[in-house]
Amino acid sequence: MKTNAIRIHKIGGPEEMKWEEIDVPSPKENEVLIKHNVIGLNYIDTYFRSGLYPTPLPTGIGMEGAGVIEEIGPAVTEFSVGDRVAYASSPLGSYSEKRVFPIDNLIKIPNEISDELAAAIMLKGMTAEYLIKRTFEVKAGQTVLFHAAAGGVGLIACQWLKAIGATVIGTVGTQEKATLAKANGCDHTILYKEESFVEKVKEITNNKGVPVVYDSVGKDTSLQSLDCLSPLGLLVIFGNSSGNAPPIDPGLLAAKGSLYVTRPTLFSYNSTREKLLQSAEEVFKMIKNESVSIKIGAKYELKDAVQAHKDLQNRKTSGSILLIP
């Protein structure tokens, strides 16, 4: 069977992604063939494309998709042809019209959730879930700092934190994004290009700092993020949109208040099927009870993924970005 997909033959910029016809094999044991209806674009996709996260070449790209099962492999009993399904994990290759995928990483989409919503929420929603509930369990009354508050994960996290009863300080790049973040639960926004987020956090917290900083920016913010923490606070570096965070001297952590630093990934936190199902259920529950709503910031045709990546990296987007086969 033939299908069309975005493929990468060498690492580099968005222009290295090529729209190609490829062969799709029949599903093997514990695999299914999925026809994608919607594909989620995430910043982690740029890491694989650029080589920041090494992967053998040539390769497909993308880790999030939603669609319908067209064929099941041997020994598959949990899923049937016609099931609506979604995923947010490896193996790479969601930027495709059709693909074979292992059932261990697959989730059935609830009837109340559309394919578009599923593709927009799976990776970002489960990322917000593990950050807020498992990496650092945020409690009502706590104040947290969340960088890139108007991004795909940020908008979900701000709403989730507000539902818990936390106070959210968010950094954003523009006034437009500040307005968007505030509309999604962010109590205080900091325009990081115009003012020191460290000074603003100290001002907002009366110099107490915050118990946790969620940082997906990395290189440009991580060291300053340490200065926003209260003693025994935790810096959670979960992304690298500006590049890898620099090494952090343990002595610096001691001097700044016996601080902690972690570099978590969704794949470690959802390393078993049981954890994956629990995480997805938490996300779907927050949507169903309307604690979290999803902003779809842009849609692109799948064959225009190059432009989508350019817009994402140039910070022209906000919210969730979808690719339509």
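Readers should treat all values here as calculations from the given coordinates under stated rules, not as data from a laboratory. What you see is a predicted model, and the numbers here were worked out from it, not measured in a lab. For neighbour counting, all protein chains shown are included, and Cβ atoms are generated from backbone atoms with ideal geometry for every residue, glycine included.
Things to note:
- If both residues of a DSSP beta bridge must be in the chain, then about 60% of such bridges are antiparallel.
- By the count of neighbouring beta-carbon atoms within 10 Å, fewest first, Ile248, Ile132, Ile121 end up ordered Ile248, Ile132, Ile121.
- Hits among aspartates and glutamates - C-alpha to C-alpha of Lys193 under 14 Å, sequence gap 8 or more where chains match: Glu176, Asp220
- A rounded overall shape is assigned to the stretch 130-233, the ratio a/c of its alpha-carbon gyration tensor axes (a ≥ b ≥ c) being less than 1.5.
- In the structure shown, the pairs Lys139/Lys285; Lys98/Lys275; Lys10/Lys219; Lys177/Lys310; Lys275/Lys310 are assessed against 23 Å; a Cα-Cα span above that value is assigned to Lys98/Lys275; Lys10/Lys219; Lys275/Lys310.
- Residue among Pro110, Pro247, Pro27 with the largest mean-square fluctuation in a Gaussian network model of the chain, springs linking Cα atoms under 10 Å: Pro247
- Beyond 16 Å, the tail of the calculated P(r) for the stretch 253-325 holds 70 percent of the Cα pairs.
- Over the stretch 140-263, Cα pairs under 8 Å with separation of 6+ residues give a relative contact order of 21 percent.
- Sorting Ser225, Ser279 by the number of Cβ atoms found within 10 Å of their own Cβ, with the fewest placed first, yields Ser279, Ser225.
- Rel. contact order, % - alpha carbon contacts under 8 angstrom, at least six apart, the chain: 17
- Overall shape of the chain was characterised from the C-alpha gyration tensor. The equivalent ellipsoid obtained from it has semi-axes of 35, 21, 18 Å, in decreasing order.
- Taking other C-beta atoms within 10 Å as the exposure proxy, Arg7, Arg49 rank Arg7, Arg49 from fewest upward.
- Most fluctuating residue given options Ser268, Ser222, Ser96, as computed from a GNM of the chain linking Cα atoms under 10 Å: Ser268
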